[in-house]
Amino acid sequence: MSTFSMKMDIADNHFFTGEHSSLFSRQQAQQARQFHQKIAGYRPTPLYALNDLAALFGVHKILVKDESQRFGLNAFKMLGGSYAIAQLLCEKYQLDINALSFNTLKNSIKEKMTFATTTDGNHGRGVAWAAKQLGQNAVIYMPKGSAQERVDAILRLGAQCIVTDMNYDDTVRFTLQMAQKNGWEVVQDTAWEGYTKIPTWIMQGYATLADEAADQMSSLGIARPTHVLLQAGVGAMAGGVLGYLTNVYGAHELTSVIVEPDQADCIYRSGVKGDIVNVGGDMATIMAGLACGEPNPLGWEILRNCASHFVSCQDSVAALGMRVLGNPLGNDPAIISGESGAVGVGLLAAIHCHPDRDALMQKLGLDSHSVVLAISTEGDTDAKHYREVVWEGKHPAAR
């Protein structure tokens with residue numbers, strides 16, 4: 001590969017304590033996974049070993065969890081929405097989630113409900129899917145600039161979908177207002193004062209993918225990853241998955257790198273300061289699923305305590321990851337990874353091609369013994385833009 005420099009601001013976490021949260025343990029993740037296993041069509045998404053790419057990059061293993069193959073929805077997000085909605089209904093009707101499936105839940109609902117949420121695409125699609133499975137209604141709000149393909153995917157699931165003229169965080173506030181006015185249940189993956197129970201369930205639902213990955217690594221003879229790359233929007237997925245991984249492997253034994261677009265790097269800025277920092281404006285990044293400016297306080301607490309590094313990077317890093325995963329080296333499998341899904345591997349590729357490669361590798365503790373786990377959180381959820389990046393070279397690595 002050529003040598004070129006891309007914008008990657010890497011900050012060490014000076015506020016690391018390694019303190020674990022009991023809310024995001026292996027036990028909690030396995031309860032969520034047991035629920036997901038009872039949904040028709042469940043199967044663990046693949047964990048691919050990119051051995052030829054690992055050899056090129058100078059690490060022992062690169063493992064990529066491919067969430068594009070989750071229930072035909074092309075993204076991981078339904079894990080959180082479906083679990084939270086199930087928990088909400090179990091609480092409402094005094095049911096035991098450990099003894100229930102979606103079918104039994106559906107038969108237990110005595111009155112029609114409407115679930116409302118804000119989404120950049122994947123979370124709303126997951127909520128709409130869960131509502132449809134349960135015979136309920138969903139109203140999904142999306143921020144300005146949302147891709148029509150993502151809107152259409154939600155509409156096909158029978159939900160209402162409204163694109164606002166606001167950014168993501170302002171749309172969240174608008175959704176809350178509309179839900180209060182209409183008596184809807186808000187199923188949002190971020191938290192605020194007085195609203196923490198449902199976001200906690202969502203984050204616990206996300207940890208199903210981490211529990212699967214742990215089993216898959218064990219079956220490959222891999223005792224543990226040395227590194228995990230987690231992308232962050234509000235930090236719900238990153239927090240839920242990191243909470244699980246640190247419970248299983250130990251925060252001090254795992255180098256965890258949280259990656260964000262530089263146009264919406266609220267977690268990075270919070271990591272530098274040691275306290276929550278919000279980012280405003282349009283947050284115009286191709287990583288639509290990460291275009292969030294206000295951290296989830298639940299996720300932020302885990303990331304502050306247990307993340308090793310925070311990274312803010314330009315969009316071209318994600319585009320590079322999309323091309324690398326979609327055009328594999330040697331015998332590695334091809335992975336169709338969208339803008340928000342590919343940024344972790346994009347970071348590895350950008351480091352490999354950087355003039356200061358050795359210093360960056362050393363900073364992150366990457367060497368020939370490293371086992372790196374990355375989560376490809378979505379496939380080509382905006383197929384037109386995917387082709388523009390991978391086929392036409394949009395957002396080039398070097399200018």
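Here are the numbers for this structure:
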| read-out | value |
| --- | --- |
| Residue match in segment 119-131 (condition: within 27 Å of residue 171 (Cβ to Cβ), assigned to a loop (DSSP other than H, G, I, E, B) and of a type in the set (Ser, Thr, Tyr)) | yes |
| Test: residue in segment 89-112 that is under 27 Å from residue 265 (Cβ atoms) and touching a helix residue (DSSP H, G or I) at 6+ places or on another chain (Cβ under 8 Å) | no |
| Of all residues making up segment 95-114, the number that are touching a residue at least 60 places away in the same chain (Cβ under 8 Å), assigned to a loop (DSSP other than H, G, I, E, B) and within 25 Å of residue 28 (Cα to Cα) | 2 |
| Scope segment 72-102; condition surrounded by fewer than 14 Cβ atoms within 10 Å (Cβ to Cβ) and either farther than 30 Å from residue 380 by Cα or of a type in the set (Asp, Glu) (or both); matching residues | 91, 93, 94, 96, 98, 99 |
| In segment 168-201, residue farthest from residue 239 (Cα to Cα) [restricted to those that are aliphatic (A, V, I, L, M) and assigned to a loop (DSSP other than H, G, I, E, B)] | 187 |
| Failed item, numbered, when residue 109 is tested on (1) out of contact with any Phe, Trp or Tyr (no Cβ under 6 Å at 6 or more places or on another chain); (2) among the β-branched types (Val, Ile, Thr); (3) assigned by TED's automatic domain parsing to the domain that holds residue 349 | (3) |
| Odd one out for residue 121, checked against (1) within 17 Å of the chain's Cα centre (by Cα); (2) under 25 Å from residue 211 (Cα atoms); (3) at pLDDT 90 or above | (3) |
| The listed residue being without any contact (Cβ under 8 Å) to a residue 24 or more places away in the chain and outside any helix (DSSP H, G or I), out of 334, 398, 374, 359 | 334 |
| Pair list, Cβ < 8 Å and 6+ apart or interchain, from segment 79-92 residues that are touching a residue at least 40 places away in the same chain (Cβ under 8 Å) to residues that are buried (at least 20 other Cβ atoms within 10 Å of the Cβ) and among the hydroxyl-bearing types (Ser, Thr, Tyr) | 79/206; 79/208; 80/206; 81/117; 83/208 |
| Any hit, segment 147-162, residues being exposed (fewer than 14 other Cβ atoms within 10 Å of the Cβ) and polar (S, T, N, Q) | yes |
| Hits in segment 2-28 (condition: without any contact (Cβ under 8 Å) to a residue 40 or more places away in the chain and among the small types (Gly, Ala, Ser)) | 22 |
| Residue within segment 246-261 that is buried (at least 24 other Cβ atoms within 10 Å of the Cβ), over 21 Å from residue 76 (Cβ atoms) and within 18 Å of the chain's Cα centre (by Cα) present | no |
| Number of the condition not met by residue 242 [criteria: (1) within 26 Å of residue 367 (Cα to Cα); (2) in contact with a His (Cβ under 6 Å, 6 or more places away or on another chain)] | (2) |
| Within segment 49-60, considering residues that are in contact (Cβ under 8 Å) with a residue 60 or more places away in the chain and surrounded by fewer than 20 Cβ atoms within 10 Å (Cβ to Cβ), the one nearest to residue 378 (Cα to Cα) | 49 |
| Extreme residue, nearest to residue 115 (Cα to Cα), among residues of segment 49-88 that are touching a Ser or Thr at 6+ places or on another chain (Cβ under 7 Å) and in a helix (DSSP H, G or I) | 79 |
| Complete set of residues in segment 168-188 that are of a type outside the set (Val, Ile, Thr) and under 22 Å from residue 147 (Cα atoms) | 168, 169, 170, 173, 174, 188 |
| Unmet criterion (only one of (1) within 19 Å of the chain's Cα centre (by Cα); (2) assigned by TED's automatic domain parsing to the domain that holds residue 233) for residue 84 | (2) |
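The values are calculated or read from the model by the stated rules, or taken from the named source; none is laboratory data. Fair warning: this is a prediction, and the values are worked out from it, not measured in the lab. FYI the Cβ positions are ideal-geometry reconstructions off the backbone, even for glycines, and counts take in every protein chain you see.
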